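Peer 1: The structure that follows is given in the form of structure tokens.
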Amino acid sequence: MTTPTRLDAYPTRSQGGEFVVRSHPTVWGSGVDGPFDDVALQGHARRGYTILEDFIGADEVAQFTAELCRLSTDRSLRGDARIVTEKVSGEVRSIFQVERLSAQLDALARDPRLLDRARQLLGSEVYLHQTRINYMPGFKGTGFYWHSDFETWHAEDGLPTPRAVSCSIALTRNYPFNGGLMVMPGSHEVFVPGVGDTPENNHTSSLREQTVGVPSEAAIASLADRCGIDQFTGQAGSALWFDSNIMHASANNITPYPRSNIFLVFNSVENAPEQPYAATSPRPAHIANRDFTPLG
Ligand code: 6CS
Ligand code: FE
């Protein structure tokens with residue numbers, strides 16, 4: 001008896017080929033369901049992202065920055081799989097599953113300012129698929145090549161649809177020149193298959209430098225011509241809400257000014273991961289949460 005092949009609306013990597021037009025909504029809720037009004041929701045659906053200035057206060061920025069310093073200097077965490085270091089400098093590049101390492105960041109993920117918006121955008125109860133702090137240190141912070149987060153979360157974590165949204169909160173000033181996140185507005189409407197086959201334990205290298213699952217240069221050029229490139233810049237405390245499938249990247253940071261952001265990834269409880277769509281085994285829980293209990 002052959003195993004029934006599962007429908008894959010977004011074939012990628014060895015299963016993939018041409019661009020696929022997104023067949024799922026970007027915004028699932030409406031203006032009456034939360035803090036975003038209908039105009040804001042229409043803008044988010046069109047661009048694939050929303051920037052909110054002064055999303056958290058200066059006191060919270062100071063509090064979370066202190067947590068960020070504590071976690072990056074905690075010797076007991078060195079060697080922990082949740083700490084990803086820079087390939088060359090060895091400095092901390094990212095720390096994953098921060099809600100388990102910091103009660104304050106756990107509380108932030110449950111704050112109504114975040115939960116109400118995530119539930120509204122995704123039209124359901126939500127849970128954290130992934131959290132991380134990207135440090136992007138001064139002088140030696142390396143960037144992130146063009147990619148769609150959903151391409152990885154579909155291929156390697158098994159998320160069936162792009163019904164997930166990230167909130168990136170700036171803890172330092174995000175300038176155009178210190179590795180600020182670049183996004184292609186509207187690119188979330190197209191699923192770009194990644195190139196290559198997923199090696200075993202790909203995450204042990206991809207979180208330092210992603211080479212598998214990234215789009216071809218031709219695909220990036222075509223999307224950039226069609227969508228243009230915007231950039232998330234802003235004061236510490238501002239937030240970027242961006243759709244899981246928007247094409248984004250950040251350049252290296254050779255300035256003295258770190259670009260440290262918290263990333264909280266909310267997934268709909270209706271979009272819980274199944275088996276990976278283009279990998280032999282799921283990634284570990286600190287990168288792809290397997291506890292789908294709705295956040296409260
Ligand atoms: O593989 C991932 O889940 C991570 N990689 C990137 C480049 N962005 C999203 C996510 O943190
Ligand atoms: Fe990303």
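Computed from the coordinates by the stated procedures, all read-outs in this text should not be read as laboratory data. Here the structure is a predicted model, which is why all the values come from computation and not from measurement. When we count neighbours, we look across all protein chains shown, and the Cβ atoms used for this are built from the backbone with ideal geometry, even at glycine.
Peer 1: What percentages, rounded to whole numbers, describe P(r) for the range 116-240 computed over all alpha carbon pairs with 10 Å bin width beginning at zero?
Peer 2: Going from the shortest bin to the longest, the percentages are 11, 37, 41, 11, 0.
Peer 1: Where in the range 73-167 are there trypsin sites (Lys or Arg not before Pro) that are in a DSSP coil and have at most 13 other Cβ atoms within 10 angstrom of their Cβ?
Peer 2: Qualifying residues, ordered by number: Arg78, Lys87, Arg110.
Peer 1: According to a simple spin-label model (label point 7 Å from Cα along Cα-to-Cβ), what is the distance in nm between Ser222 and Val39?
Peer 2: Spacing of the two 7 Å Cα→Cβ label points: 3.6 nm.
Peer 1: What FRET efficiency comes out for Glu200 versus Asp111 if R0 is 45 angstrom and r is the Cβ-Cβ distance? Round to the nearest 0.05.
Peer 2: In this case the efficiency is close to 0.75.
Peer 1: Which whole-Hz ³J(HN,Hα) couplings does the range 277-292 yield from phi under the Karplus relation 6.51 cos²θ - 1.76 cosθ + 1.60, θ = phi - 60°, glycine and proline marked x?
Peer 2: Karplus values, whole Hz, x for Gly and Pro: 8, 8, 7, 7, 9, x, 6, x, 5, 6, 10, 9, 4, 10, 9, 9.
Peer 1: Related question: Based on the alpha-carbon gyration tensor of the chain and its eigenvalue square roots a ≥ b ≥ c, which shape applies: rounded if a/c is under 1.5, prolate if not and a/b is larger than b/c, or oblate?
Peer 2: rounded
Peer 1: Compute the projected area of the convex hull of the Cα atoms of the range 55-190, averaged over all viewing directions, and report it in nm² to one decimal place.
Peer 2: Mean orientational projected area (the range 55-190, Cα hull): 9.5 nm².
Peer 1: Still on this model: Quick check on the chain: helices-only [θ] at 222 nm, where DSSP H runs of length 4 and up contribute -39,500 (n - 2.57) each and the sum goes over total residues. Nearest 500, please.
Peer 2: -6500 deg cm²/dmol, from helical runs alone.
Peer 1: Also: Decide, for the range 98-150, between rounded, prolate and oblate: order the square roots of the alpha carbon gyration tensor eigenvalues as a ≥ b ≥ c, take rounded if a/c falls under 1.5, and otherwise choose prolate if a/b is larger than b/c, else oblate.
Peer 2: Oblate, since a/c reaches 1.5 and b/c is not below a/b.
Peer 1: Which shape class applies to the range 215-284: rounded if a/c is under 1.5, otherwise prolate when a/b exceeds b/c and oblate if not, where a ≥ b ≥ c are the square roots of the Cα gyration tensor eigenvalues?
Peer 2: oblate
Peer 1: Taking the Cβ of Gly234 as the center, what net charge do the other residues with Cβ under 13 Å away carry, scoring Lys and Arg +1 and Asp and Glu -1?
Peer 2: -1
Peer 1: Multiply the residue gap between Glu189 and Lys140 by 0.36 nm, knock off their C-alpha separation, and tell me the result in nm, one decimal place.
Peer 2: 14.3 nm
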